[in-house]
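The values are calculated or read from the model by the stated rules, or taken from the named source; none is laboratory data. All values reported here derive from a predicted model rather than from experimental measurement. Cβ placement follows ideal geometry from the backbone for every residue including glycine, while neighbour counts extend to all protein chains displayed.
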Amino acid sequence: MRKTGWRQVVLVVLALLGTGVATAATPPVFTLQPQSQTVAANTNVTFNALADGAPVPTYQWRKDGVNLPSQIGSSLNLPLVQAGDAGTYTVVATNSEGAVTSAAAVLGILGAPTITTQPQSQTVAVGASVSFTVVASGTPAPVYQWSKNGVAIAAPAGTAGTLTLASVQVADAGNYTVVATNSVGSITSNAAVLTVNNGAPIITAQPAGHALIAGRTAVFNVGATGTIGSVQWKKDGVAVAGGNALRLVLTDIQPADAGTYTVTLANTAGAVTSAPAALTVTASANPGRIANLSIRGTSGTGTKVLIMGFVTGGVGTSGSTPLLIRGVGPSIVPPPYGVTDALPDPLIQVVAQQTGLELARNDDWAGDAAVKAAATATGAFDLISDTSKDAALLSNLPGGVFSVIVSDKTGATGSVLAEMYDASVPQGYNAVTPRLMNISARAYVTATGTLIAGFVVTGDTATTVLIRAIGPNPAFAAAVGSEVLTDPQVTLYRSQGGVGSVVQTNDNWGGDPQLTSAGQRVGASVLTDTASKDAALLLTLDPGVYSAMAYSANATPGITLIEVYDVP
């Protein structure tokens, strides 16, 4: 009976299997997870996974969350892997009951260290804290060992990515290098030179030499840190009378002023002398001057409209100055400019400041042929189309003071580029040709925004400029009211090869008498409060492309005035 009973059970089971009765459907569950690996380049790599479930699951492999085409098996084979194959791999198992993603398997490709950030040389005073930083990539992640003059620095300071030296002394001066090492190899950084000053002033910006025509103003600037007890400029080794400020200003220069200038800064701990800067006084049929001015800012309505002021003429000049004036909105929307809040329909109005009369205006430039020709001659960028809503006009203006009001025909608020190009023929230019003497712009600046005055110094020689960012000066504040920018700051950049570099910056003008004198010479409004937070720069510039940026030093919005004056 027992044998008969067992046979009956077996027969029942076989009968059930024979009729195709299915087991219960279940979602996928991984029984084998892919495992992380770190291998050398040109190695064959395989990731394996296995999932149970009913119906039998299908697979889809992923790298960094992106499906890998045709990789739908339970194994992923990667032949001769390279650095680009490194990443995180997962596989998704799917059937009719659901889908599940495997654990992440990281593939690391062994690589020798590569230094991406080199430590930089530094000059500091005794007692200062200094840090050298290196960044290196590689697999495995590299470890560091710093050395001074070839001698290893003990851990932990000498084995971190940043080497910090507190309260440095003269003995700490030397060459610092770091070796980044992993199991594949090692690399040594460039040497970073630490110079420790014993307390004498440190020159941070050397004076620059220039070539100017006779009768102009030449300015030498030096930047320094530390306690400065005395300053003495010298020409060809002989002390310059009155040359006792960090800025040396020479007015009405003549051939006798040509030579080599240096400055010595001293205190009780020692002295330091600058590199020499040469001044050349030359004759030129094409002297340096300001041209091609542009203002980038926000224009709104009422007191927040953008106003660009300018002066034409110059001492000893006569005649009129041909100018191309543009208010650009739609053309700065597409790449490479990509301005997202540009004015949709700019309107420009040229007004004589003395009479208040409107001399010219333009709404839509309509592809004007003369405007196109002037734009080509002056190097202005092309507007996007003949039917764009940008504004542009040509005007011959006599010597005088003028304003360009840039607003939007629809009453919109947004970014706009206001431009002015000197359309004088370069071959016909000389010292008595009328020119642009100064440019200014008044606009509202947000807490993080900027008002940008771009300009070109053209010609064969340098020219001297006074740049100011005005806000709290009593006269301007009274005219603007409570919306004035309370603490403007100005920074001048020079663009060379598409790369901008800082020339000089100023926060508070500090009642500097040299700035006051230069302002008086160009007819600028007087800064009556020596403690005001207005900003100003006075410097000689070689031919090139420059941008003066006015912005808030205390993250408070307001209306500011940026000015660029040609200083004769």
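Observations
- Inspection of segment 98-112 finds no residue satisfying the criterion of being modelled with pLDDT under 95, crowded, with 16+ Cβ neighbours inside 10 Å and farther than 24 Å from Thr181 by Cα.
To keep it simple, each residue is scored yes or no on (1) assigned to a loop (DSSP other than H, G, I, E, B); (2) in the same structural domain as Glu563 (by TED's automatic domain parsing); (3) out of contact with any helix residue (DSSP H, G or I) (no Cβ under 8 Å at 6 or more places or on another chain).
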residue: Val350; (1), (2), (3): no, no, yes
residue: Gln354; (1), (2), (3): yes, no, yes
residue: Val371; (1), (2), (3): no, no, yes
residue: Ala380; (1), (2), (3): yes, no, no
residue: Ser385; (1), (2), (3): yes, no, yes
residue: Lys389; (1), (2), (3): yes, no, no
residue: Thr410; (1), (2), (3): yes, no, yes
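- Just one of the listed residues (Ala555, Ala518) is in contact (Cβ under 8 Å) with a residue 60 or more places away in the chain, outside the structural domain of Ser403 (by TED's automatic domain parsing) and touching a strand residue (DSSP E or B) at 6+ places or on another chain (Cβ under 9 Å), and it is Ala518.
- Scanning segment 222-276 for residues that are touching a Gly at 6+ places or on another chain (Cβ under 6 Å) and outside any loop (DSSP other than H, G, I, E, B) yields Trp233, Lys235, Ala266, Asn267.
- Scanning segment 474-486 for residues that are at negative phi and either modelled with pLDDT of 95 or more or in contact with a helix residue (DSSP H, G or I) (Cβ under 9 Å, 6 or more places away or on another chain) (or both) turns up Val480, Glu483, Val484, Leu485, Thr486.
- Residue match in segment 109-126 (condition: among the small types (Gly, Ala, Ser) and closer than 30 Å to Ala171 by Cβ): yes
- Taken as a whole, segment 138-146 holds at least one residue that is at pLDDT below 95, surrounded by 18 or more Cβ atoms within 10 Å (Cβ to Cβ), over 23 Å from Gln169 (Cβ atoms) and not charged (D, E, K, R).
- When segment 379-420 is filtered for residues that are without any contact (Cβ under 8 Å) to a residue 60 or more places away in the chain and surrounded by fewer than 16 Cβ atoms within 10 Å (Cβ to Cβ), the ones remaining, listed by number, are Phe381, Asp382, Ile384, Ser385, Asp386, Thr387.
- Of all residues in segment 147-161, those satisfying the criterion of being within 29 Å of Gly108 (Cβ to Cβ) and surrounded by 14 or more Cβ atoms within 10 Å (Cβ to Cβ) are Ser147, Gly158, Thr159, Ala160, Gly161.
Residue-by-condition table, conditions (1) farther than 20 Å from Leu246 by Cβ; (2) in contact with an Asp or Glu (Cβ under 8 Å, 6 or more places away or on another chain); (3) among the charged types (D, E, K, R); (4) buried (at least 16 other Cβ atoms within 10 Å of the Cβ):
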residue	(1), (2), (3), (4)
Gly481	yes, no, no, no
Thr491	no, no, no, yes
Val503	no, no, no, yes
Leu515	no, no, no, yes
Leu539	no, no, no, yes
Val564	yes, no, no, yes
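- Output for segment 122-148, where each listed residue is assigned to a loop (DSSP other than H, G, I, E, B) and either in the same structural domain as Thr46 (by TED's automatic domain parsing) or more than 30 Å from Asn197 (Cα to Cα) (or both): Pro140, Ala141, Pro142
- Any pair with Cβ under 8 angstrom, 6 or more apart, that starts in segment 107-120 at a residue that is over 10 Å from Thr139 (Cβ atoms) and ends at one that is basic (Lys, Arg): none
- Note on segment 410-469: among residues that are touching a Ser or Thr at 6+ places or on another chain (Cβ under 8 Å) and charged (D, E, K, R), the one that is modelled with the lowest pLDDT is Arg435.
Residues checked against (1) farther than 26 Å from Thr433 by Cβ; (2) in the same structural domain as Thr217 (by TED's automatic domain parsing); (3) touching a residue at least 40 places away in the same chain (Cβ under 8 Å):
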residue: Pro474; (1), (2), (3): yes, no, yes
residue: Asn506; (1), (2), (3): yes, no, no
residue: Gly511; (1), (2), (3): yes, no, no
residue: Ala524; (1), (2), (3): no, no, yes
residue: Met549; (1), (2), (3): yes, no, yes
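- The set of residues in segment 168-185 being of a type in the set (Gly, Ala, Ser) and over 34 Å from the mean Cα position of the chain (by Cα) consists of Ala171, Ser183, Gly185.
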